[in-house]
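Student: Following this message is one structure expressed as structure tokens.
The values are calculated or read from the model by the stated rules, or taken from the named source; none is laboratory data. This one's a predicted model, so the numbers in the text were calculated from it and none came from an experiment. Ideal geometry is used to build each Cβ from the backbone, glycine not excepted, and the neighbour counts take in all protein chains shown.
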Amino acid sequence: MLKDTTTPSDAEAVAIAALGFIAADPELLPRFLALTGIEVSSIRAAALEPGFLAGVLQFIAAHEPTLLRFAEATGTPPRAILAAQRALPQGDDFHDSSI
């Protein structure tokens, strides 16, 4: 279970878990790549860019069924996922008050 906190390191852990969740899903990964324009071979480099990890969490949060599946898979409350997004660099650029 991922902790319900918003420290930068905890937020990064949530985002990295989300990236792993996306990468392991044969339907989510192609959608993520198409929406972001990132090539599979460029994900590691992109992950070092400011805002990338917040964008990963935005991708998860943008589709409620995906958000709920990720929350269940990791034992992380949906609100904690959104808080983690906001705690990351450029995470405040994304807004979702539906959860």
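Student: How about the range 15-99: which helices (runs of 4 or more DSSP H) wholly inside it have at least 1 residues that are acidic (Asp, Glu), at negative phi and surrounded by fewer than 16 Cβ atoms within 10 Å (Cβ to Cβ)?
Tutor: Helices (runs of 4 or more DSSP H) meeting the threshold: 64-74.
Student: Also, I was wondering about something else. Any residue in the range 10-27 that is β-branched (Val, Ile, Thr) sitting within a Cβ distance under 9 Å of a residue that is assigned to a loop (DSSP other than H, G, I, E, B)? List the pairs, counting only those 6 or more apart or interchain.
Tutor: Sorted first by the residue in the range 10-27, then by its partner, the pairs are Val14/Leu2; Val14/Lys3; Val14/Thr76; Val14/Leu88.
Student: Consider only pairs whose beta carbons are under 9 Å apart and that are at least six residues apart or on different chains; among these, list those whose first residue lies in the range 61-80 and is over 15 Å from Gly91 (Cβ atoms) and whose second residue is small (Gly, Ala, Ser) and exposed (fewer than 15 other Cβ atoms within 10 Å of the Cβ).
Tutor: Glu64/Ser98
Let's see how each residue does on (1) of a type in the set (A, V, I, L, M, F, W, C); (2) at pLDDT 95 or above:
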site: Ser9; (1), (2): no, no
site: Ala15; (1), (2): yes, yes
site: Gly20; (1), (2): no, yes
site: Ala24; (1), (2): yes, yes
site: Glu27; (1), (2): no, yes
site: Pro30; (1), (2): no, yes
site: Ala45; (1), (2): yes, no
